[in-house]
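The values are calculated or read from the model by the stated rules, or taken from the named source; none is laboratory data. These figures come from a predicted structure and were not determined experimentally. Ideal geometry is used to build each Cβ from the backbone, glycine not excepted, and the neighbour counts take in all protein chains shown.
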Amino acid sequence: MAHLDAVLLARAQFAFTMGFHIVFPAFSIGLASYLAVLEGLWLATGRQVYLDLFKYWLKIFAVGFAMGVVSGVVMSYQFGTNWSVFSDKAGPVVGPLMAYEVMSAFFLEAGFLGVMLFGMGRVGKVLHYLATLLVAAGTLFSAFWILTVNSWMQTPAGYATNAQGQFVPADWWQIVFSPSFPYRFVHMVLAAYLTTGLVIGAVGAWHLLRGRRDQEGVRVMFGMAMGLVLVVAPLQIFAGDAHGLNTLEHQPAKVMAMEGHFESHPNGAPLVLFGLPDQDAATVRYKVEVPKLSSLILKHSLDAPLAGLDSVPRANWPPVPVVFWSFRIMVGLGFLMLGLGLFGLVARLKGKLADWRPLHLYALSMGPAGFVAVLAGWTTTEVGRQPFTVYGVLRTADSVSPLGAPAVAGSLAAFAAIYLAVFAAGVFYILRLMSALPHLGESGPSPAEPVRTAGLAPGPAITPGHGLQPGE
Amino acid sequence: MSLLPFDLPTIWAFIVAFAVFAYVVLDGFDLGVALLFPFCPERRDRDVMMNSVAPVWDGNETWLVLGGGGLFAAFPLAYAVLMPALYAPLIAMLLGLVLRGVAFEFRWRTERARPVWDIAFTGGSLVAALGQGIALGAVLQGVSVSGRAYAGGWWDWLSAFSLLTGAAVVCGYALLGATWLVMKTGGELQIRAQRLARPFALATLGFIVTVSLATPFLEEAYWQRWFAWPGIVLTVPVPLAVAGVALFLLRSLADAHDYKPFVLSLMLFFLCFVGLGVSIWPNIVPGRISIWQAAAPDESQVFVLVGTAILIPIILTYTAYAYWVFRGKVDPEHGYH
């Protein structure tokens, strides 16, 4: 029992540190691409508003990126400190993938981000734009490699087992492109774009609600964000559905938990909209369901049989209530995003994008929705993988470090205390940057502040006279 | 057995060692500068001190991730044994690094809370340096291994020896920080840094001697390695070189030289690192696990080696470029402009 507690605490610690970390890369991936689009539009059209927006969001990007860096360093050690048996056994397969993740992140950080933040004054427009594009590509590379690790853990392939009980690589191609990887990668990158689009839309909506429709930057920002949500939200629903079908093929127990299907349904399974799953009683209480709809979604046939958790040994069940609810939160938010995109479309067609207050209130309230959906989605897929770390072949209880519960509990408390303080301050500073209006020369360079080559960029690196505006 | 004309685990041992050494000296002076904040209470001095490392600190810190990531990829067994063995000091180090990392950014974003972030900057750096030094001592004194896992308790790292190495690393980083400031600043601050560098240099040398005297008594293997033939051929030149570098260092400080003290301090660190390597080689967990036992299969090591061989030179070029751009003294009036 003491061992089980240590396992649960180790899982809680990983979930906590990972949950804090993931929101920053999710934001950075989308924002880096947005910055590349803004700079590209500026170069193509020469319109000042795009450059202003670029500089405005670059400051926010720098703070978010910094918090991603400090929380990311922690993650590279979490595997060894809390999951040492997993590290030993899976290290020959996932270690190299993680090393590639580190090197691509490192590469981006030590190099092109520095050039991007130096400003055009030093390297010229074309080289600067190249750096911006490479930073955007770098964030995608990072996502690529870390998702190969996660996907391999979900749907392991291309490996053999050696005499020491380690998973060893047999075919790197199969390892990198494991069965769930393409779906997970597309789903995550779209999620990052949506998350960023919703944040940008909310910032635009905030300034519009405060009566700043006279500001071109605010209108452009809001219009671009609504356009992105309109296009990406339906794509994401489509990608999520494809990902779900892939999961049904490779991890059926996870889908059973998502659907709340404790029983098998030989003649078409209902779609449970809501209910209270009871793991011990193996039933969903107070459920509201639509007959046969689940079979239609998952099997594209009303009467297709669907197996339930009763076909899976109980020892291999994931915690159903967590998976069931986190999945519904993600899907619910996804449809609210679709609604926002359509609302924005109607407003755009009527030429009222900058005028409709209900639209702005809706967009503002959806500002954090992307982050919540990302966390809920990761909860679904990670908790749904339980009770395994490497699905079907390595149990979570057999992966954990040989540490007592007090050690893990103590470090978890320390992480909680420091992360909450530090990230609350960081979010406060980011919100303060967002509450300023995007216009030219809003903050004069403060001579005391430093220029940085990488990672962190305060004002001077990107304000007129020191960066993008040579000669001012 | 291997189709390759060279020994992969040896190559990887040198790559990981290089990453760790790069981390120690590069982040060493960043952390060291923060450790000197209590000796420099004026806001203006602190601004300059922080500016002197601000452009490079997070590139420096990434070597720590590369060291950990390289260890995981190339020697997963060592990673799996050492991380739980060093649990408390490593977690403390990571949290310390979080605090000092965000302090770089947050300190400039607030007037009111600036003293708080100054404390976070110094306190976080102190905890990180102490954690690293304690981890070093804990590895040197030996960790208990059973099968393929760490077999000790979660307080095993704590000993008089690990506290000694912890203090030694803190002191050594302060020396790096002080000599860095001698090189990068001028005026009153430079004079203050020179005054600080001398006692930290003497204390660092004292720690080097003490740790060196204590190490052979930790394990029979160290004694054998150090004082028995042929190990003695390798071990004797190291202390002699340390003594030589120490003399030059003290003289360059007395001469108030600009960059020599920093370079000589780096050499001191390098010699200590070589000494450690000679003591531990070819083990990766001293006395327990060799680099060949810990190595991932060739397929894994080759797969990462390809990327490493391409990316590390590029990273080094960029790093060198960044230092070149920010060469010279920090201008207290205009930052770097």
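Give me the residue from region A:269-284 that is touching a Pro at 6+ places or on another chain (Cβ under 7 Å) and surrounded by 18 or more Cβ atoms within 10 Å (Cβ to Cβ) and, out of that set, farthest from A:Pro318 (Cα to Cα). By that ranking, first place goes to A:Pro270. B:Ile134: more than 7 Å from every other protein chain (Cβ to nearest Cβ), under 15 Å from B:Trp155 (Cα atoms) and part of a helix (DSSP H, G or I), yes or no? Considered against the rule, which asks whether it is more than 7 Å from every other protein chain (Cβ to nearest Cβ), under 15 Å from B:Trp155 (Cα atoms) and part of a helix (DSSP H, G or I), B:Ile134 comes out as yes. Any chance region B:69-87 includes a residue that's surrounded by fewer than 24 Cβ atoms within 10 Å (Cβ to Cβ) and assigned to a helix (DSSP H, G or I)? The answer is no; no qualifying residue exists. Looking across region B:290-308 at every residue that is under 23 Å from the mean Cα position of the chain (by Cα) and away from chain A (no Cβ under 11 Å), the one that is farthest from B:Asp7 (Cα to Cα) is identified as B:Ser290. Taking the residues in region A:58-81 that are over 19 Å from the mean Cα position of the chain (by Cα) and within 18 Å of A:Leu113 (Cα to Cα) as candidates, determine which candidate is nearest to the other protein chains (Cβ to nearest Cβ). Filtering region A:58-81 for residues that are over 19 Å from the mean Cα position of the chain (by Cα) and within 18 Å of A:Leu113 (Cα to Cα), the one nearest to the other protein chains (Cβ to nearest Cβ) comes out as A:Lys59.
Every residue, every condition in (1) at pLDDT 90 or above; (2) not aliphatic (A, V, I, L, M), yes or no:
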{"site": "B:Val48", "(1), (2)": "no, no"}
{"site": "B:Trp57", "(1), (2)": "no, yes"}
{"site": "B:Leu66", "(1), (2)": "no, no"}
{"site": "B:Gly69", "(1), (2)": "no, yes"}
{"site": "B:Leu82", "(1), (2)": "yes, no"}
{"site": "B:Ala85", "(1), (2)": "yes, no"}
{"site": "B:Leu90", "(1), (2)": "yes, no"}
{"site": "B:Met93", "(1), (2)": "yes, no"}
{"site": "B:Val98", "(1), (2)": "yes, no"}
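For region B:240-256, give me the residue count where each residue is free of Cβ contacts under 8 Å to residues at least 12 places away in the same chain and not in a helix (DSSP H, G or I). The total comes to 1. Somewhere in region A:191-206, is a residue closer than 30 Å to A:Gly308 by Cα and either of a type in the set (Val, Ile, Thr) or at pLDDT 90 or above (or both)? There is at least one residue in region A:191-206 that is closer than 30 Å to A:Gly308 by Cα and either of a type in the set (Val, Ile, Thr) or at pLDDT 90 or above (or both). Annotation: A:Asp52 fulfils all but one of (1) surrounded by 23 or more Cβ atoms within 10 Å (Cβ to Cβ); (2) under 23 Å from the mean Cα position of the chain (by Cα); (3) over 30 Å from A:Ala417 (Cα atoms); the unmet one is (2). Of the conditions (1) part of a helix (DSSP H, G or I); (2) at the interface with chain B (Cβ under 8 Å from one of its Cβ atoms); (3) more than 22 Å from the chain's Cα centre (by Cα), A:Ala425 satisfies every one except a single condition; which number is it? Evaluating A:Ala425 over (1) part of a helix (DSSP H, G or I); (2) at the interface with chain B (Cβ under 8 Å from one of its Cβ atoms); (3) more than 22 Å from the chain's Cα centre (by Cα) leaves (3) as the failure.
Within region A:168-187, residues that are assigned to a loop (DSSP other than H, G, I, E, B) and of a type in the set (Asp, Glu) reach partners that are modelled with pLDDT under 95 and surrounded by fewer than 21 Cβ atoms within 10 Å (Cβ to Cβ) with beta carbons closer than 6 Å, at six or more positions or on different chains, in the pairs A:Asp171/A:Gly158. Looking across region A:82-94, the residues that are facing another protein chain (nearest Cβ under 7 Å) and under 12 Å from B:Ala149 (Cα atoms) come down to A:Ser84, A:Val85, A:Ser87, A:Asp88.
For region A:374-422, a tally of residues being outside any helix (DSSP H, G or I) and of a type in the set (Gly, Ala, Ser) returns 4. Residues that are in contact (Cβ under 8 Å) with a residue 60 or more places away in the chain, in contact with a strand residue (DSSP E or B) (Cβ under 7 Å, 6 or more places away or on another chain), part of a helix (DSSP H, G or I) and among the hydrophobic types (A, V, I, L, M, F, W, C) occur at least once in region A:78-85.
For (1) more than 20 Å from B:Leu26 (Cα to Cα); (2) assigned to a loop (DSSP other than H, G, I, E, B); (3) more than 23 Å from the chain's Cα centre (by Cα), each residue gets a yes or a no:
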| site | (1), (2), (3) |
| --- | --- |
| B:Ser212 | yes, no, no |
| B:Trp229 | yes, yes, yes |
| B:Ile232 | yes, no, yes |
| B:Val238 | yes, no, no |
| B:Pro261 | no, no, no |
| B:Leu264 | no, no, no |
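Within region A:148-157, the set of residues being touching a Phe, Trp or Tyr at 6+ places or on another chain (Cβ under 7 Å) and either surrounded by fewer than 21 Cβ atoms within 10 Å (Cβ to Cβ) or part of a loop (DSSP other than H, G, I, E, B) (or both) comprises A:Thr155, A:Pro156. Residue count for region B:51-68 under the criterion of being in a helix (DSSP H, G or I), at the interface with chain A (Cβ under 7 Å from one of its Cβ atoms) and not polar (S, T, N, Q): the result is 7.
Condition check ((1) of a type outside the set (Phe, Trp, Tyr); (2) out of contact with any helix residue (DSSP H, G or I) (no Cβ under 6 Å at 6 or more places or on another chain); (3) surrounded by fewer than 23 Cβ atoms within 10 Å (Cβ to Cβ)) across all residues:
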{"position": "B:Ala128", "(1), (2), (3)": "yes, no, no"}
{"position": "B:Gly137", "(1), (2), (3)": "yes, no, no"}
{"position": "B:Gly147", "(1), (2), (3)": "yes, yes, yes"}
{"position": "B:Tyr150", "(1), (2), (3)": "no, no, no"}
{"position": "B:Gly153", "(1), (2), (3)": "yes, yes, yes"}
{"position": "B:Ser159", "(1), (2), (3)": "yes, yes, yes"}
{"position": "B:Tyr173", "(1), (2), (3)": "no, no, no"}
{"position": "B:Gly177", "(1), (2), (3)": "yes, no, no"}
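Among residues of region B:104-115 being part of a helix (DSSP H, G or I) and facing chain A (nearest Cβ under 9 Å), the one that is nearest to the chain's Cα centre (by Cα) is B:Phe104.
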